[in-house]
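Asker: Let me begin by handing over the structure; questions about it come next.
Derivation of every value follows stated rules applied to the coordinates shown; laboratory data play no part. Keep in mind it's a predicted model, so treat the numbers as computed, not measured. FYI the Cβ positions are ideal-geometry reconstructions off the backbone, even for glycines, and counts take in every protein chain you see.
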Amino acid sequence: MKRGDLYIILLGLLIAGSIYGIKWLHMDHSAYKPGDLMARITVNGNLYKNVALTKEVQIIDIKTEFGHNTLKAFDYGIQMIYSDAPKRIALDMGFISKPYQQIICIPTRVYVEVFNPHKQPSGDELDAVI
């Protein structure tokens, strides 16, 4: 290895570290209690239901023209436990319990996202996805 190779490696590490640092600074680091969070469930882009994430078990059955899904909210989080989609990838997304985590089932058009209802969105945040 020559001196130029080391400079290229160091430059690459510096760029990667800078990108990671900038992303970390823009993340939401606000404190929250587990019982404060909610899950927003949308079907085909329309709000289906907001669910408070508590310790108690709640079963949410979603039957639409696109398919059938069942969500289980428990232990301050939520998980998809049934889907009649051809590939059940949404079941593999597991248990989500932190803000901005998502479960997406494309064939049945179900989208679940955990959010903090007490946090006021600022003007520079993303407010739509196309």
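Asker: I need the full set of residues from region 21-48 which are in a strand (DSSP E or B), surrounded by 14 or more Cβ atoms within 10 Å (Cβ to Cβ) and not aliphatic (A, V, I, L, M), in order please.
Answerer: Listed by number, the residues that qualify are ARG40, THR42, TYR48.
Asker: Another question, if that's okay. Taking the condition of being closer than 21 Å to PRO34 by Cα and surrounded by fewer than 17 Cβ atoms within 10 Å (Cβ to Cβ), how many residues in region 57-73 meet it? Break it down stepwise before answering.
Answerer: Quick first cut of region 57-73, residues closer than 21 Å to PRO34 by Cα only: 57-60, 71-73.
Filter once more, so that each one left must be surrounded by fewer than 17 Cβ atoms within 10 Å (Cβ to Cβ): 57-59, 72.
Total meeting the criteria: 4.
Asker: Quickly run through region 96-110 and pick out the residues that are in a loop (DSSP other than H, G, I, E, B) and either surrounded by 14 or more Cβ atoms within 10 Å (Cβ to Cβ) or in contact with a Phe, Trp or Tyr (Cβ under 7 Å, 6 or more places away or on another chain) (or both). Steps first, please.
Answerer: Within region 96-110, the subset in a loop (DSSP other than H, G, I, E, B) is 97-101, 106-109.
SER97, PRO99, GLN101, PRO107, THR108, ARG109, listed by residue number.
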